[in-house]
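**Student:** There's a structure below that I have some questions on.
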Amino acid sequence: MTEALQRSVDTYFSTLFVGSDPALDGALSASTAAGLPEIQVSAPQGKLLHLLARMRNARRILEIGTLGGYSAIQMARALPPDGRLLSLEFDPKHAEVARANIARAGLAEKVEIRVGRALDLLPTIATEGGGPFDLVFIDADKEHNPDYFGWALKLSRPGTMIIVDNVVRDGAVLDAESKEESTRGTRRVLEMMASEPRVTATAVQSVGAKGWDGMAMAVVLP
Ligand code: SAH
Ligand code: DHB
Ligand code: MG
């Protein structure tokens, strides 16, 4: 009952703040048609990422975990004309669907998707001088969250915002003895974010279309 109400509130907020949006709606239906898992951020969460990118005046954004490009579209829309988003995706099929979705959203010039394991791609991005990024959204395989946070820091500057998705997972995060690599990766990244002197951070829970979950966020200090 409560969960149904939470979902209804999410629908209400989505209608108000996102509404019908051909690029986003098209991205979701194309992703479903292609058989991609429906695990993208919710509509209000996507809009939150958009707001955060705007608040940060982000010119360069790094995303780890593209899926069908839903979150990438929301973040890329916050970029100025010369802004760029680089998104890393392991699955070539996801990347192909995302590229089509992003092109349909009119964002092909601003968004680059690289295919491969993020941990294999990140060293090249660093040596290419791809950073620093103003915003990093970490949303891929959760067991590698600690490594991704390390790379995000390496590719950051003071003011960079680092966001980690799915840090609650129905309360699974509380299990300090968890055998799940994803839970262990999430707990470790939270501990890193909390104790890393170069950042200040928090985590917030969320309910709604994605069930009970949450995001952690950190900002790199001056
Ligand atoms: N950010 C997306 C959702 C990403 S879902 C959105 O909200 O719209 C997680 C994605 O990470 C999946 O597409 C999965 O294929 C990808 N992924 C999993 N392991 C990865 C890895 N090691 N490197 C890069 N991408 C990975
Ligand atoms: C799921 C949701 C996510 O946002 C994600 O990044 C991975 C998995 C899920 O609902 O299973
Ligand atoms: Mg996620």
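Every number in this text was worked out from the coordinates using simple rules, so none of it is lab data. Because the structure is predicted, anything quoted here is derived from the model rather than measured. Don't worry about glycine lacking a Cβ; one is built from the backbone with ideal geometry, like all the others, and counts go over all protein chains shown.
**Student:** So which of Gly83, Gly65 ends up being more than 9 Å from ligand 1 (Cβ to nearest atom) and small (Gly, Ala, Ser)? Give the derivation first.
**Tutor:** Working: Gly65 fails: more than 9 Å from ligand 1 (Cβ to nearest atom).
Just a single option satisfies the conditions, and that option is Gly83.
**Student:** List the number of the failed condition for Ser156; all other conditions in (1) crowded, with 20+ Cβ neighbours inside 10 Å; (2) within 14 Å of ligand 1 (Cβ to nearest atom); (3) of a type in the set (S, T, N, Q) hold.
**Tutor:** Among (1) crowded, with 20+ Cβ neighbours inside 10 Å; (2) within 14 Å of ligand 1 (Cβ to nearest atom); (3) of a type in the set (S, T, N, Q), Ser156 violates only (2).
**Student:** Would you call Leu28 out of contact with any helix residue (DSSP H, G or I) (no Cβ under 8 Å at 6 or more places or on another chain) and within 14 Å of ligand 1 (Cβ to nearest atom)? Even if it seems obvious, please write down each step before you answer.
**Tutor:** On the way: out of contact with any helix residue (DSSP H, G or I) (no Cβ under 8 Å at 6 or more places or on another chain): no; within 14 Å of ligand 1 (Cβ to nearest atom): yes.
It is false that Leu28 is out of contact with any helix residue (DSSP H, G or I) (no Cβ under 8 Å at 6 or more places or on another chain) and within 14 Å of ligand 1 (Cβ to nearest atom).
**Student:** Report the residue count in region 189-222 for those that are under 30 Å from Tyr12 (Cβ atoms) and in contact with a Lys or Arg (Cβ under 7 Å, 6 or more places away or on another chain).
**Tutor:** 3
**Student:** Looking at Ala95, is it more than 16 Å from ligand 3 (Cβ to nearest atom), touching a residue at least 24 places away in the same chain (Cβ under 8 Å), assigned to a loop (DSSP other than H, G, I, E, B) and crowded, with 18+ Cβ neighbours inside 10 Å?
**Tutor:** Details: more than 16 Å from ligand 3 (Cβ to nearest atom): yes; touching a residue at least 24 places away in the same chain (Cβ under 8 Å): yes; assigned to a loop (DSSP other than H, G, I, E, B): no; crowded, with 18+ Cβ neighbours inside 10 Å: yes.
It is false that Ala95 is more than 16 Å from ligand 3 (Cβ to nearest atom), touching a residue at least 24 places away in the same chain (Cβ under 8 Å), assigned to a loop (DSSP other than H, G, I, E, B) and crowded, with 18+ Cβ neighbours inside 10 Å.
**Student:** Filter region 24-49 down to the residues that are of a type in the set (Gly, Ala, Ser) and surrounded by 18 or more Cβ atoms within 10 Å (Cβ to Cβ), then identify the one that is nearest to ligand 2 (Cβ to nearest atom).
**Tutor:** We begin by selecting, within region 24-49, every residue of a type in the set (Gly, Ala, Ser); these are 26-27, 29-31, 33-35, 42-43, 46.
Next, from what is left, pick out any that are surrounded by 18 or more Cβ atoms within 10 Å (Cβ to Cβ): 27, 31, 42-43, 46.
Details: Ala27: 15, Ser31: 13, Ser42: 9, Ala43: 13, Gly46: 11 Å.
Here the answer is Ser42.
**Student:** Of the residues that make up region 135-153, is at least one closer than 18 Å to Ala201 by Cα, hydrophobic (A, V, I, L, M, F, W, C), more than 16 Å from ligand 3 (Cβ to nearest atom) and surrounded by fewer than 20 Cβ atoms within 10 Å (Cβ to Cβ)?
**Tutor:** Checked against the condition, which is being closer than 18 Å to Ala201 by Cα, hydrophobic (A, V, I, L, M, F, W, C), more than 16 Å from ligand 3 (Cβ to nearest atom) and surrounded by fewer than 20 Cβ atoms within 10 Å (Cβ to Cβ), region 135-153 yields at least one hit.
**Student:** Here's something else I'd like to know. Within region 1-34, track down each residue that is in a loop (DSSP other than H, G, I, E, B) and free of Cβ contacts under 8 Å to residues at least 40 places away in the same chain. Outline the logic, then answer.
**Tutor:** The initial filter retains those residues of region 1-34 that are in a loop (DSSP other than H, G, I, E, B), namely 1, 18-21, 34.
Correct list: Met1, Val18, Gly19, Ser20, Asp21.
**Student:** A follow-up question, please. What are the residue pairs meeting all of these: first residue in region 145-174, first residue of a type in the set (Gly, Ala, Ser), second residue in a loop (DSSP other than H, G, I, E, B) and more than 16 Å from ligand 2 (Cβ to nearest atom), Cβ atoms under 6 Å, and 6 or more apart or on different chains?
**Tutor:** So the pair list comes out as Ser156/Pro132.
**Student:** Can you tell me which condition Ala78 does not meet? The list is (1) in contact with a Lys or Arg (Cβ under 8 Å, 6 or more places away or on another chain); (2) part of a helix (DSSP H, G or I); (3) under 18 Å from Ala23 (Cα atoms), and all the others hold.
**Tutor:** (2)
Results for (1) closer than 29 Å to Thr2 by Cα; (2) charged (D, E, K, R), shown as yes or no for each residue.
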residue: Asp175; (1), (2): yes, yes
residue: Glu181; (1), (2): no, yes
residue: Thr186; (1), (2): yes, no
residue: Met193; (1), (2): no, no
residue: Pro197; (1), (2): no, no
residue: Ser206; (1), (2): yes, no
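**Student:** Given the structure, is Val9 over 25 Å from Glu143 (Cα atoms), aliphatic (A, V, I, L, M) and over 14 Å from the mean Cα position of the chain (by Cα)?
**Tutor:** Values: over 25 Å from Glu143 (Cα atoms): yes; aliphatic (A, V, I, L, M): yes; over 14 Å from the mean Cα position of the chain (by Cα): yes.
So Val9 fits the description; yes.
**Student:** Name the single residue, out of those in region 159-173 being over 13 Å from Gly214 (Cα atoms) and more than 16 Å from ligand 3 (Cβ to nearest atom), that is surrounded by the most Cβ atoms within 10 Å (Cβ to Cβ). Spell out the reasoning first.
**Tutor:** So in region 159-173, the residues over 13 Å from Gly214 (Cα atoms) come out as 159-162.
Remaining after also requiring more than 16 Å from ligand 3 (Cβ to nearest atom): 159-161.
Details: Gly159: 15, Thr160: 25, Met161: 22.
My answer is Thr160.
**Student:** Please find, within region 42-75, the residue that is farthest from ligand 3 (Cβ to nearest atom) out of those that are assigned to a loop (DSSP other than H, G, I, E, B) and either under 19 Å from Arg104 (Cα atoms) or among the basic types (Lys, Arg) (or both). Break it down stepwise before answering.
**Tutor:** Looking only at region 42-75, we keep the residues that are assigned to a loop (DSSP other than H, G, I, E, B), and these are 42, 56-59, 65-69.
Still in the running and either under 19 Å from Arg104 (Cα atoms) or among the basic types (Lys, Arg) (or both): 56, 59, 66-69.
Details: Arg56: 19, Arg59: 24, Thr66: 11, Leu67: 8, Gly68: 12, Gly69: 13 Å.
Taking the candidates together, the pick is Arg59.
**Student:** Would you point out the residue of region 50-92, among those that are of a type in the set (Asp, Glu) and surrounded by fewer than 24 Cβ atoms within 10 Å (Cβ to Cβ), that is farthest from Asp25 (Cα to Cα)?
**Tutor:** Asp82
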